[in-house]
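Input: a single structure, listed below in C-alpha cells.
Bear in mind these aren't lab numbers, they're just calculated from the coordinates by the rules spelled out. Keep in mind it's a predicted model, so treat the numbers as computed, not measured. Reconstructed Cβ throughout: ideal geometry from the backbone, glycine too, with neighbour counts over all protein chains shown.
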Amino acid sequence: MALTEEFQNYLEHEKRFSRHTVLAYMNDLSQFLEILSLENDKDILEVNHQMMRSYLVDLVEKEFENTSVNRKLSSVKTFYKFLRQQGYLEVNPAQKVKSLKQKKNLPTFVPEQQLWDQSIFNEIDDPFVRCQDELILELFYQTGIRLSELIHLKENNVSDNQIKVLGKRNKERIIPISKKLSNLILLYRQSKSDLGLISDYLMVSKSGKILTPKFVYNKVNLYLGKATNLSKKSPHVLRHTFATHMLNNGASIETIKKLLGHTDLSATQIYTHNSFKQIQSIYKQAHPRG
C-alpha cells in the first residue's frame, strides 16, 4: 500500500475524521506532491527541510491567504508526523517549518453615535419582554460579559451596585454596575415577580426556564440591526464595544483586562488599535497642523 493510502486509511479509521475533513487533507497532500514533483514513496521519504521551505515559498508566490497556507502546511506536517510514527522516517522534515503569521482582525464595535435608545423597543407591547430585551443589551454593553456569563448569571450574584460573574475556568470577577442598570434590573425582577417566575438565574423565559444562547443571540442581532449599520451583530460585538468605549474614555488597559476576565494582557491589547484610531482622529481635528 502506498504511503498516501496508508495515511488516508489512518485518517478515516484511526482518527475517524469526517469524509469532508479527510478529503481536505488529501487534496492538500496531493498539491504538495505536485508542487515538489514527488512521484513515488521513495521521493516522499527523501523530502528535506529545504524542500519544505521551497513548498512554502511556492504557496506564498501563488498568493494564497496566510490562513490557507497554514492549513495546507498543517496537513503536510500531519502526514510526515504519521510517517515518523510508523517508523518510515527518523526526522520529520516539516517539523521546524514555521507557520505564517496571520492577520489579526480588529474587533467590531458599535460607534458611540450609533448607540441605541429606548425607541428601538417601542414595538414591544409585553412589559416583561420589553424589559428583558432592554436588559439583555444593557448588560452586555455596560459590563462586557460574555453570552454564557449572562445566561448563567445567578440572582444571588447581582446586587445594587455590582455583579459577580463566573467566567472561563470558573474564575470569578466583580463588575460594578451603574444606577441606571441597577434600576433596570430592579424593574425586571418586579416583572418576574408579577408573573410568579422563581429561578436561581436572573434571566429566564416566560416559562421560567434558563435562556438559550440562540434566543439571546437573536435578540441582540435584531436590535443591533435596528440601531446600527454593522454587518456583525452579536453579543460579542457588545463586549468589544464595552472595551473600546471604556478605553476611548480614559480607562486603563489593566482595568479593562480585569473587567473582561482576560488572563493575558495581550488578549486585551487588541483594543488599543481601535483606541489609537480615535486618538488619531481627535489629533487631526484638534492640532493646527494635524
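Beyond 16 Å, how much of the Cα-Cα pair distribution for region 57-147 remains, as a whole percent? I get 72 percent for the Cα pairs in region 57-147 exceeding 16 Å. Exactly which trypsin sites (Lys or Arg not before Pro) in region 143-240 are in a DSSP loop and have at most 14 other Cβ atoms within 10 Å? Loop-located and lightly packed - K171, K206, K209, K232. Note on the chain: with charges restricted to the Cβ of Lys and Arg (+1) and Asp and Glu (-1), its dipole about the Cα centre is near 940 debye.
Calculated over region 5-51, the projected area of the Cα convex hull averaged across directions stands at 3.6 nm². Taking Lys and Arg as +1 and Asp and Glu as -1, the other residues whose beta-carbon sits under 12 Å from that of Y188 total -2. Computed from the Cα positions only, the extents of region 3-85 along the three principal axes stand at 35, 29, 19 Å, in decreasing order. Loop-located trypsin sites (Lys or Arg not before Pro) in region 1-56 (DSSP state other than H, G, I, E, B) with a sparse environment of at most 16 neighbouring Cβ atoms within 10 Å: K15, R16. The Cα-based radius of gyration of region 112-286, divided by its Kirkwood radius, gives an Rg/Rh of 0.98.
One quarter of the surface of the convex hull around the alpha-carbon atoms of region 57-102 equals 3.2 nm², the direction-averaged projected area. Inter-part distance, region 148-172 to region 2-72, computed on C-alpha centroids, equals 46 Å. Look at the Cα gyration tensor of region 200-258: its axes a ≥ b ≥ c give a/c of at least 1.5 with a/b at or below b/c, and that counts as oblate. Annotation for region 55-96: trypsin sites (Lys or Arg not before Pro) lying in DSSP loop with at most 13 further Cβ atoms inside 10 Å of their Cβ are K62, K96.
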